[in-house]
Structures are given as structure tokens and as C-alpha cells.
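The values are calculated or read from the model by the stated rules, or taken from the named source; none is laboratory data. Everything numeric in this text was worked out from a predicted model, so none of it was measured. Cβ coordinates were reconstructed from backbone atoms using ideal geometry, including for glycine residues, and neighbour counts include every protein chain displayed.
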Amino acid sequence: MTAYMDHKDLANETISEERATQIRDGVHRVLDTIRLSEQQAGRESGSVQLLAATKTRDVGEIMAAIDAGVRMIGENRPQEVMAKAEGLQRLCAERGLNLGATDAAGSDHETVPFHLIGQLQANKIGKILPIVDTIESVDGLELAERIARRAVARDITVGVLLEVNESGEASKSGCEPSEAIELAEQIAAMDGLELRGLMTIGAHVNDEATIRAGFAHLRRTRDAILASKTPGTEHCTELSMGMTQDMTLAIEEGSTIVRVGTAIFGARAFI
Ligand SMILES: *Cc1c(COP(=O)(O)O)cnc(C)c1O
């Protein structure tokens with residue numbers, strides 16, 4: 001357990017009017033930025049989805065984002081998924097929304113997808129599969145196979161994205177860019193998984209051209225996977241790339257999911 005989890009009650013459901021207003025304004029600002037970037041990049045309106053990156057935020061803060069129009073959330077740590085799941089599922093159901101893999105509001109209701117966007121240890125897979133519908137941080141065959149086995153045993157299909165380390169930075173997870181196409185084809189063929197796309201974290205540098213090059217390479221990789229027509233790769237359409245710092249660049253380079261935390265919720269006290 002990390003320090004912030006010791007002093008912040010992640011299951012808390014009650015936040016101040018002022019905090020709710022801050023979050024609502026954040027969501028609206030980010031949605032406006034996305035629409036404007038789509039337009040300026042000549043892309044269809046609505047082609048980029050906003051995923052709220054909710055690490056360190058509590059249930060009340062996350063529900064304020066959902067009430068403001070967020071329709072996809074992502075957590076980094078299985079422990080945080082577990083701590084918030086019950087409250088989020090119940091409050092979503094009260095609003096006529098299903099959350100992630102659950103069907104609390106009924107199957108004819110809208111679903112708010114719930115993604116895992118951080119590293120996953122194999123011993124946590126069973127815990128999160130009843131809750132999240134998509135794992136964005138699959139970076140190799142071994143993890144994919146373990147998720148697939150669990151999915152088959154539960155008779156479900158789990159969405160996965162292959163994470164690619166486009167920047168080559170040692171601190172980042174993800175497979176080597178040169179391995180991505182072959183890995184994607186193998187993962188796409190696994191029973192129990194649906195390969196829905198690719199994910200990357202932009203280079204942590206102050207150079208627009210370098211950041212863009214990584215995003216553009218991920219897009220070309222996705223296009224090559226689709227063009228291969230290997231069975232199972234036909235669903236590999238998503239490009240999850242872009243965060244608060246680089247979402248406009250990512251949208252210009254073809255992102256379909258931007259993962260945004262700070263611009264919605266404000267700066268994090270920890271991690
Ligand atoms: C925290 C996080 C984000 C969002 O980052 P911000 O800079 O707060 O927008 C996106 N992706 C991943 C994997 C994250 O951990």
C-alpha cells in the first residue's frame with residue numbers, strides 16, 4: 001500500500017459543492033478541448049473518447065466527473081479498483097448506468113467502460129475481472145495468456161489493449177515497438193480476449209516532434225495490424241494515447257481514447 005491510500009478514504013462518497021463544481025468545470029473544459037482538437041485536425045466529431053484517469057480520486061470525485069459527462073474511467077492499481085468498486089457500481093446503477101463488467105442497472109442500460117491502465121500482476125487478475133471490462137496495460141504474451149485463461153474459465157470475453165513503449169524510456173512499461181505487430185497477432189488469436197487496440201504513454205520530453213513521432217508510430221502499427229487481416233485483429237481499432245500534457249498532439253496523430261486526470265481533477269498530492 002502506498003502512502004496516499006493510508007490517509008485518503010478512497011470509498012468516500014461525499015464531496016463539497018465547491019469540489020464538485022471544480023470537477024464539472026474540468027470535465028467541460030477537457031471535452032471542449034477534445035472537440036476543438038478534433039475539428040482542427042479534420043477529424044469527425046466524437047471520434048475521440050475521454051477516459052478519466054481516476055487514480056488517487058475517491059468515489060465522490062469520480063461520480064462528480066460521471067455526472068458532468070465522463071463516460072469511461074480508468075484506474076492504475078487493482079487495490080484502488082477494489083476499494084472503489086462497490087460504491088461506484090451502486091451509484092452508477094442509481095443513475096441507470098452499468099459500470100465496467102457489471103450489470104447492476106440491467107443489460108438494456110448504458111455502460112460506462114471501466115479500464116485498467118496501470119501495470120497488472122498476474123495474482124490480481126481474478127480480483128479485477130468481475131469489475132473492469134478492458135485491460136489497457138497488456139505488454140506481453142505471458143500476461144495475455146494468464147488473462148485469457150481466467151476469461152475462458154469465467155466464460156467471458158475481456159477487452160485488451162497492447163501497451164507499446166514508443167518512447168523507449170526505461171521507466172515506462174510496454175512491449176518493444178518492433179515486437180508489437182507479432183504480439184498483437186498472437187494476442188488477437190487467444191480465446192477469451194478481444195484485442196481492441198494499442199496504448200502508449202507519450203515521451204516525457206520537451207520536444208513536440210519526439211512526442212508526435214511516438215504517437216504516429218503507434219498509429220502506423222495499428223494500421224499494419226488491421227491490414228494484416230490476421231483472424232481476431234479486426235477489432236484492433238483503438239489508439240489510447242494522450243494525457244493532460246499531450247492530448248492535443250495525440251488527437252492530431254489519431255488518438256481515439258485520451259486518458260486525462262490532472263486537467264479534470266487538479267494536481268495529485270501523491271504519485
Ligand atoms: C495518471 C495517468 C494518466 C493521466 O495523466 P494526467 O497527466 O493526470 O492527465 C494517463 N495514463 C496513465 C497510464 C496514467 O497513469
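Quick rundown of the values:
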| read-out | value |
| --- | --- |
| First in region 248-268 and in contact (Cβ under 8 Å) with a residue 24 or more places away in the chain and assigned to a loop (DSSP other than H, G, I, E, B), second anywhere and among the aliphatic types (A, V, I, L, M) and within 12 Å of the ligand (Cβ to nearest atom), Cβ under 6 Å, 6 or more apart | Ser255/Met241; Gly261/Ala53 |
| Residue that is under 19 Å from Arg219 (Cα atoms) and part of a helix (DSSP H, G or I), where the choices are Glu163, Glu179 | Glu179 |
| In region 29-62, residue farthest from Ile257 (Cα to Cα) [restricted to those that are hydrophobic (A, V, I, L, M, F, W, C) and over 17 Å from the mean Cα position of the chain (by Cα)] | Val59 |
| Residue identified as within 16 Å of Leu161 (Cβ to Cβ), within 14 Å of the ligand (Cβ to nearest atom) and basic (Lys, Arg) among Arg259, Arg219, Arg196 | Arg259 |
| Counted residues, region 28-59 - those being in contact (Cβ under 8 Å) with a residue 40 or more places away in the chain, basic (Lys, Arg) and part of a helix (DSSP H, G or I) | 1 |
| Elements of type strands (runs of 3 or more DSSP E) contained in region 109-159, each with 3 or more residues being in contact (Cβ under 8 Å) with a residue 60 or more places away in the chain and surrounded by 20 or more Cβ atoms within 10 Å (Cβ to Cβ) | 134-138 |
| Failed criterion for Val205 (all others in (1) surrounded by 14 or more Cβ atoms within 10 Å (Cβ to Cβ); (2) within 16 Å of the ligand (Cβ to nearest atom); (3) farther than 26 Å from Ile23 by Cα hold) | (1) |
| Some residue of region 115-136 being on the phi > 0 side of the Ramachandran plot and among the small types (Gly, Ala, Ser) | no |
| Residue under evaluation Ala104, criteria (1) surrounded by fewer than 18 Cβ atoms within 10 Å (Cβ to Cβ); (2) aliphatic (A, V, I, L, M); (3) out of contact with any strand residue (DSSP E or B) (no Cβ under 7 Å at 6 or more places or on another chain), criterion not met | (3) |
| From Ile66, Ile23, Ile15, Ile62, residue being in a loop (DSSP other than H, G, I, E, B), hydrophobic (A, V, I, L, M, F, W, C) and closer than 16 Å to Phe265 by Cα | Ile15 |
| Check on Leu10, assigned to a strand (DSSP E or B) and either within 16 Å of the ligand (Cβ to nearest atom) or of a type in the set (Gly, Ala, Ser) (or both) | no |
| Selection from region 216-240 of residues that are assigned to a helix (DSSP H, G or I) and not hydrophobic (A, V, I, L, M, F, W, C) | His217, Arg219, Arg220, Thr221, Arg222, Asp223, Ser228, Thr233, Glu234, His235 |
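One line per residue, one yes/no per condition, for (1) modelled with pLDDT of 95 or more; (2) closer than 26 Å to Leu239 by Cα; (3) of a type in the set (A, V, I, L, M); (4) within 16 Å of the ligand (Cβ to nearest atom):
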site: Ile15; (1), (2), (3), (4): yes, no, yes, no
site: Ala20; (1), (2), (3), (4): yes, no, yes, no
site: Ile34; (1), (2), (3), (4): yes, yes, yes, yes
site: Gln49; (1), (2), (3), (4): yes, yes, no, yes
site: Glu80; (1), (2), (3), (4): yes, yes, no, yes
